[in-house]
Amino acid sequence: MLNRTVRPCLTRSALAAAAVLALAGAVAPAASAETAAGHGPSAAGSFTFAGHDARTGAATAVTCTPNVNAPFRYYGGPFGGGVEGLAGLTCTQPMYEIQTVVALYRGTTQVGFNTHTIYSTTTGSADTEAPLVAGQYTTYAQYTVIQTYGGASTTSPVYQSSTVTLP
């Protein structure tokens, strides 16, 4: 089911994530021949930033690993079936906030979008759904993490799933 929760006040990190994803969405579907052929994400691997150990307060590197799933067909739900894109993130330290922004594209047209924010966790995720129309689908995602309340935000590069053709 779609999560269309809208917070009354957008944080700086939410605005930044939405702006960067919108910009990336404008150019991402026309990415390299490798990503167009359905190979690998547009941004490679995990992202790391300077943080601190929640127990000791000592400086440490925090690594967050994204997982952007290839779009898939589902049955039932709000559209009586359709296509869904999922994205998740796992961090090595607890985060005050993890925001996941996910977009689903059919070819170069965005057909679905969602954002989900989770607090006090090491993992976050979001999904988006759209009615199925035959074509090539790709999921894009971007993450914004804040380790401590009032702390600086770190925004990831835009990640991309492999492209799949659905009938």
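A short reminder: the numbers here are calculations on the coordinates, not readings from a lab. As the structure is a computational prediction, the values presented were derived from the model and not from experiment. Counting neighbours? That spans all protein chains shown, and the Cβs are built from the backbone with ideal geometry, glycine included.
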Taking Cα pairs closer than 8 Å and at least 6 residues apart, the relative contact order of segment 47-166 in percent is 25
Segment 47-166 -> Rg/Rh from Cα coords, Kirkwood Rh, value 1.07
In this structure, the FRET efficiency calculated for R55 and L166 from their beta-carbon separation, with R0 = 45 Å, to the nearest 0.05, is 0.45
Ordering 108-114, 57-63, 146-152, 123-129 by per-residue average of other C-beta atoms within 10 angstrom, highest first, gives 123-129, 108-114, 146-152, 57-63
Between T48 and A134, the FRET efficiency computed from the C-beta separation at R0 = 41 Å comes out, to the nearest 0.05, as 0.55
Subtracting the Cα-Cα distance of T122 and Y149 from 0.36 nm times their residue separation yields 8.2 nm
Scalar couplings 3J(HN,Hα) for segment 153-167 by Karplus 6.51 cos²θ - 1.76 cosθ + 1.60 (θ = phi - 60°), nearest whole Hz, x for Gly and Pro, are 9, 10, 10, 6, x, 7, 9, 9, 7, 6, 8, 10, 9, 10, x
Per the rule of 0.36 nm per residue minus the C-alpha distance, extending T90 to T109 adds in nm 4.0 nm
